[in-house]
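Visitor: Starting off with a structure, shown below.
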Amino acid sequence: MLGRVNHIALVVPNLAEAAAKYRSVLGAAVTAPDALPEHGVSVVFVTLENTKVELLEPLGSDSPIAAFLAKNPAGGMHHICYEVEDIIAARDSLVAAGGRVLGDGQPKIGAHGKPVLFLHPKDFFGTLIELEQV
Ligand code: CO
C-alpha cells in the first residue's frame, strides 16, 4: 500500500529561526515561507534529494498545530506522510483492518493540492500518519 515518503513534518516555535538554522547549520536548501491560512499553518520546505521536510508554524488563532506546540514548546516531529496510489482503496482496507481515520473519513485537499487523510496516532505507535494520493 505505501509508496515513498512524501514528507516529514516538524512543528517549530519560530519558522524564521528554524529555516535559518536548517540553511546555515545543516547547509540545506530551504524554500521561502508560505502562509496557508486555510490549513492554519505557515510552512517552509527543506528540499532534499529523496524527500522533503516541512517546517510548520501555527498561523491564526485556531491552528490545528497550536495544541501540539503547547505540549511541545521546543517543537517536535508532527507527522510523516506516505504516498499511496489510491487513497480510497487505502482508507477502505485500513478501516476494514480496524484502523481509524481522523475527521469524517473523507480525503481533503492537502497543502500540496492532492487528496490526503490522517490516521490515528494511537493505531500507529504514537506517530500521526498522513496518506497522500500521488
Ligand atoms: Co503533511
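Visitor: What share of the DSSP beta bridges in the range 63-134 is antiparallel, in percent to the nearest 5?
Guide: Percentage antiparallel, nearest 5: 55.
Visitor: According to the Cα gyration tensor, what semi-axes, each the square root of 5 times an eigenvalue, does the equivalent ellipsoid of the range 23-82 have, listed from largest to smallest in whole Å?
Guide: Taking √(5λ) for each eigenvalue gives 21, 13, 12 Å, largest first.
Visitor: Could I have the simple spin-label model distance between residue 51 and residue 5, label points 7 Å from Cα toward Cβ, reported in nm to one decimal?
Guide: 0.3
Visitor: Go through 79, 103, 69 and say which Cα lies farthest out towards the positive end of the charge dipole of the chain; charges sit on Cβ, +1 for Lys and Arg, -1 for Asp and Glu.
Guide: 69
Visitor: Calculate the dipole size of the chain relative to its Cα centre from +1 charges on Lys and Arg beta carbons and -1 charges on Asp and Glu beta carbons; express the result in debye to the nearest 20.
Guide: So the dipole magnitude of the chain works out to roughly 300 debye.
Visitor: Calculate the tail of P(r) for the chain: the fraction of all Cα-Cα distances greater than 27 Å, expressed in %.
Guide: 19
Visitor: Moving on to the next point. Take every DSSP beta bridge with both residues inside the chain and express the antiparallel ones as a percent of the total, to the nearest 5.
Guide: Just about 70 percent of them are antiparallel.
Visitor: Hey, what angle do you get for helix 15-24 against the long axis of the chain, alpha-carbon based, 0 to 90 degrees rounded to 10?
Guide: Computed tilt is about 70 degrees.
Visitor: Let me ask something else. Within 10 Å of each residue's Cβ, count the other Cβ atoms and sort 34, 62 from fewest upward.
Guide: Ascending Cβ contact count within 10 Å gives the list 62, 34.
Visitor: Near residue 21, which lysines are there with a Cα under 26 Å away, not counting those fewer than 8 places off in the same chain?
Guide: Correct list for residue 21: 52, 71.
Read-outs: derived from the displayed coordinates by stated rules, not from any lab. What you see is a predicted model; the values in this text were computed from it and never measured. Note that we place each Cβ from the backbone using ideal geometry, even for glycine, and neighbour counts take in every protein chain shown.
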